[in-house]
Amino acid sequence: MVKKYAQAFPRRFLIITVLAILVDQLSKTAVIRLLSPGESVPVLGDLFRLTLVLNPGGVFGTRLGSQNFYTFISLLAMGVALWFFFKTRTKENSFRIGLCLVLGGAMGNLIDRFRFGEVVDFLDFDFFNITLPPTKVLFFKFPGFYLDRWPVFNLADSFVLIGMVLIIIHMLFFKEIPTSDTSDKSE
């Protein structure tokens, strides 16, 4: 049975997942050693800064629930990625690479939650401002929204986002839909 899973998770995909975790954790360790929480260092002027933020919430600073909620979501994302990896067969690597990046990113942020009780964010970009004025649609009132800087994030967040984009691209543009391989019933 172990051999079956080893064949389903080839070494190159294991390397992608482990590299995503290592790059994420090494970058966070370096930033923690260089900066204090809240400290910001310009890299490309105001466009890109390294800013150490300890984030108790989710990706890109979202705050939808408690620490336990985000730990559960990370575990769920890892479980779903692994389930899809072992239950689907596709010749197109973009789908599996996407799953590896989602898995590596979720694991990187989960490691932070266990190490620090929060996620270490440090990539601080100022791409463009977003302004949505307050409005009323039918009987719903929307308060509006203003974003001056992009929320501070980390490499694990980027890996999850890139992985999801690869998975979506695969599902939209490749005729081959990942499906379960039911032809091999032997264990």
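The values are calculated or read from the model by the stated rules, or taken from the named source; none is laboratory data. Since we're looking at a predicted model, the values are computed, not measured. Cβ coordinates were reconstructed from backbone atoms using ideal geometry, including for glycine residues, and neighbour counts include every protein chain displayed.
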The number of residues in region 102-160 that are of a type in the set (D, E, K, R) and farther than 15 Å from residue 47 by Cβ is 8
Go through (1) surrounded by 10 or more Cβ atoms within 10 Å (Cβ to Cβ); (2) part of a strand (DSSP E or B) and name the single condition residue 136 misses. (1)
Only one of (1) in a helix (DSSP H, G or I); (2) out of contact with any strand residue (DSSP E or B) (no Cβ under 7 Å at 6 or more places or on another chain); (3) closer than 28 Å to residue 34 by Cβ is not met by residue 127, so which one is it? (1)
Filter region 113-123 for residues that are modelled with pLDDT under 95 and outside any loop (DSSP other than H, G, I, E, B); the one that is surrounded by the most Cβ atoms within 10 Å (Cβ to Cβ) is 119
Unique match (being surrounded by 11 or more Cβ atoms within 10 Å (Cβ to Cβ), free of Cβ contacts under 8 Å to residues at least 12 places away in the same chain, under 21 Å from residue 24 (Cβ atoms) and within 14 Å of the chain's Cα centre (by Cα)) among 103, 155, 76: 76
Region 129-156, residues that are at pLDDT 80 or above and of a type in the set (Val, Ile, Thr): 135, 137, 152
So residue 119 ticks every box in (1) without any contact (Cβ under 8 Å) to a residue 60 or more places away in the chain; (2) touching a strand residue (DSSP E or B) at 6+ places or on another chain (Cβ under 9 Å); (3) aliphatic (A, V, I, L, M) but one. Which box is left unticked? (1)
Cβ-Cβ under 8 Å pairs, at least 6 apart or on other chains, region 14-31 side within 20 Å of residue 77 (Cβ to Cβ), far side surrounded by 12 or more Cβ atoms within 10 Å (Cβ to Cβ) and β-branched (Val, Ile, Thr): 16/97; 21/111; 25/111; 28/120
